[in-house]
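Undergrad: Following this message is one structure expressed as structure tokens.
Computed from the coordinates by the stated procedures, all read-outs in this text should not be read as laboratory data. Worth saying up front: this structure is predicted, and the values here are computed from it rather than measured. We place every Cβ from the backbone using ideal geometry, glycine too, and count neighbours over all the protein chains shown.
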Amino acid sequence: MSSVNLSAFGGVGWQFFDNNGAPLAGGLIYTYEAGTTTPQATYTTSAGTVAHPNPIVLNSAGRVPGGEIWLLPTSYKFILQTSAAVLIATYDNVTSGSVPAIANFTGDGTTISFSLGSAVNENSTNVYINGVYQQKNTYLMSGSNIVFSEAPPDTSSIEVSFT
């Protein structure tokens, strides 16, 4: 699992327009490391496992296919162009640091410890099992692992958001 954050640029359901206010059908979003022309991956979901193509080609309504852009915890440069590669705008040093990372797991009825990939402070977590918020006294953070006092039920959906 990669640690990814929802993008402040084109996060969820954004619609992009040309300079005349028409939806940017077939528009292009290029993603780079901040301040460079070195391509930088973005992802289709909070799982951080499937990268968008670079450039991202907008659909006929001017929206990102799949509706979401997720970023690595670093700075990006975005270049927005028309389908004919005419520059609309450049956005540099866009970060995702203020947006929580999301980790998703599936309970098996016996596992109590799940790795978030990096050390996290318990106070910066929100945990949901099958969509129900879990009180902080039902788990603790041990280094990069979240450890539950009881194993989440078999096939349960576990979502951990953290900063």
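Undergrad: From the list (1) 15.9, 55; (2) 18.3, 57; (3) 15.5, 48, can you say which value of Rg and Dmax of the Cα atoms in Å was derived from the structure given?
TA: Among (1) 15.9, 55; (2) 18.3, 57; (3) 15.5, 48, the one derived from this structure is (2).
Undergrad: Another one. Under the Karplus relation 6.51 cos²θ - 1.76 cosθ + 1.60, θ = phi - 60°, what is the ordered set of whole-Hz ³J(HN,Hα) values for the stretch 35-50, x standing for Gly and Pro?
TA: x, 9, 10, 8, x, 10, 5, 10, 10, 7, 9, 5, 5, x, 10, 10
Undergrad: If amide H atoms are built 1.01 Å from N in the plane of the peptide, which residues on other chains or at least 5 residues away come under 5 Å of the amide H of Ser75?
TA: Ala34
Undergrad: What is the set of long-range amide H partners of Leu6 at a cut-off below 5 Å, with H atoms built 1.01 Å from backbone N?
TA: Leu71
Undergrad: How far apart, in nanometres, would the label points at Glu150 and Leu87 be if each is projected 7 angstrom from Cα along the Cα-to-Cβ direction?
TA: 5.9
Undergrad: Let me ask another. If the elastic network links every pair of Cα atoms under 10 Å, which of Ala89, Ala103, Ala51 fluctuates the most in the Gaussian network model of the chain?
TA: Residue with maximal mean-square fluctuation among Ala89, Ala103, Ala51: Ala89.
Undergrad: Charges at C-beta only: +1 for Lys and Arg, -1 for Asp and Glu. How large is the resulting dipole of the chain about its Cα centre, in Debye rounded to 20?
TA: For this selection, approximately 280 debye.
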